[in-house]
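See structure below.
The values are calculated or read from the model by the stated rules, or taken from the named source; none is laboratory data. Since the structure is predicted, the reported quantities are computational estimates derived from the model, not experimental observations. Neighbour counts run over all protein chains shown; Cβ positions are idealised from the backbone, glycine included.
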Amino acid sequence: MIDIKIELTKNPKQKPDESNLGFGKIFTDHMFVMDYSKEKGWYDAKIVPFENLSLHPAATVFHYGAEIFEGLKAYRTKNNEVQLFRPMENMRRLNRSAERLCLPTIPEEDALHILKTFVSIEKDWTPHSEGTSLYLRPFLFGCDPFLGVHSVNTAKYVIIASPVGSYYKEGINPVTIMIETEDVRAVRGGTGEAKCGGNYAASTRAGEKAEKKGYSQVLWLDGVERKYIEEVGAMNVMFKVNGEIVTPKLTGSILPGITRKSCIEVLRDKGYTVNERLFSIDELMEAIEKGTLEEAWGCGTAAVVSPIGHFDINGKIYEINGGKIGEVTQDLYDTLTGIQWGKIEDKYNWICKID
Ligand code: PLP
Ligand code: COI
């Protein structure tokens, strides 16, 4: 297993007020950093006090967007244990994203060992209050100090951590979503299924537009026909239509969410039919108009399971389930958060405890 040097801070920070954490604004005392070169492979793995990074101004990441990231959480249980939810899934997706962007991959077992070691150093930062967690942000980027467009010879892998509350100000209350009909987030063959910074940069303009109109996020349509529903800015989406649970199938332009995968497994286990298929905006509007759209929700690590109360489609507002959380959404939320915070039995073996 990879050797990690540990240098602890001499100036630990004061822990934050847990009643007002927000999302990703406060950072812990340490960070993990590791370098890569084509000649040496990964080297110099270390946990050091949290500080600014120093990079060459020509570094690939600044010019050609060679950057990928992950997002997962550490949860504190009522027995005061700290645990992760399916972390190997994130490490595998990190490597798939790296392959898509021609960045170096990290052997899975090393990647998991690094993550667990880092969390065990920072575990006191995992907040105690209901609904809070320690958000972990691993990221990997190209550092070559020259301007030619090429796969990189040098890279860095970093992990930072942030104690967080709810991602949306609404918490578990229904969010409002604007359907974007002009900009597109990704196309098949592009980088949509990789978790790379560039996808989020391309999404910002529509996100701003939605925010100005008072919406929480944007729902993306496919980039070719602008017809099929893909996902929301930071979540995958699911619908309950006439008893059937539908979620857009992974066509290559959608992020394969770990929460999405877990929701599908839990729902099937509970006896629901879940269809991963193409679901068009026309089908959605027809279901709303006929009254067969029973529930809609988004799911993701940061957002957990988030009911959708309203859609704005070209300026017309459609209300879902009277703007209230539905039965399946609530059940999924209770099951996933129950497992994550150790309130119910982890019968799927998804939890990874931190020593
Ligand atoms: N889709 C996008 C664009 C995201 O940013 C996220 C968040 O990570 C998700 C979906 C949900 O993925 P996961 O459940 O793995 O967090
Ligand atoms: C996550 O849910 O972990 C995400 O990465 C969403 C993020 C863009 C805030």
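Just name the residue that is farthest from ligand 1 (Cβ to nearest atom) out of those in the stretch 215-244 that are of a type in the set (S, T, N, Q) and buried (at least 19 other Cβ atoms within 10 Å of the Cβ).
Here the residue is 216.
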Kindly list the number of the only condition in (1) under 18 Å from residue 258 (Cβ atoms); (2) more than 16 Å from ligand 2 (Cβ to nearest atom); (3) under 20 Å from the mean Cα position of the chain (by Cα) that fails for residue 336.
-> (2)
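Look at the stretch 53-93 and say how many of its residues are closer than 25 Å to residue 165 by Cβ and either within 14 Å of the chain's Cα centre (by Cα) or not charged (D, E, K, R) (or both).
Total satisfying the criteria: 19.
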What pairs can you find where one residue is in the stretch 96-123 and crowded, with 16+ Cβ neighbours inside 10 Å, the other is modelled with pLDDT under 95, and their Cβ atoms are less than 7 Å apart, with a gap of 6+ or different chains?
-> 110/1; 110/2; 113/1; 113/2; 114/2
Take the residues in the stretch 260-306 that are among the basic types (Lys, Arg) and more than 15 Å from ligand 1 (Cβ to nearest atom), then tell me which one is nearest to residue 89 (Cα to Cα).
-> 268
How many residues does the stretch 131-179 hold that are over 20 Å from the mean Cα position of the chain (by Cα) and assigned to a loop (DSSP other than H, G, I, E, B)?
-> 11
If you go through the stretch 31-74 one residue at a time, how many are surrounded by fewer than 17 Cβ atoms within 10 Å (Cβ to Cβ), assigned to a loop (DSSP other than H, G, I, E, B) and of a type in the set (A, V, I, L, M, F, W, C)?
-> 4
Identify the residue in the stretch 275-310 that is within 30 Å of residue 136 (Cα to Cα) and of a type in the set (A, V, I, L, M) and, among all such residues, is surrounded by the fewest Cβ atoms within 10 Å (Cβ to Cβ).
-> 302
Pairs where the first residue, in the stretch 125-149, is at positive phi and the second is aliphatic (A, V, I, L, M) and not in a helix (DSSP H, G or I), C-beta under 9 Å, 6+ apart = 131/172; 131/304
Meets criteria (more than 14 Å from ligand 2 (Cβ to nearest atom) and out of contact with any strand residue (DSSP E or B) (no Cβ under 9 Å at 6 or more places or on another chain)) for residue 309 | no
Considering the stretch 213-253 alone, what residues qualify as being within 16 Å of ligand 2 (Cβ to nearest atom) and in a strand (DSSP E or B)?
-> 217, 218, 219, 220, 230, 231, 232, 235, 236, 237, 238
Can you tell me which residue among 190, 198 is modelled with pLDDT of 95 or more, within 30 Å of residue 212 (Cβ to Cβ), assigned by TED's automatic domain parsing to the domain that holds residue 253 and in a loop (DSSP other than H, G, I, E, B)?
-> 190
Would you point out the residue of the stretch 176-197, among those that are within 12 Å of ligand 1 (Cβ to nearest atom) and not charged (D, E, K, R), that is surrounded by the fewest Cβ atoms within 10 Å (Cβ to Cβ)?
-> 197
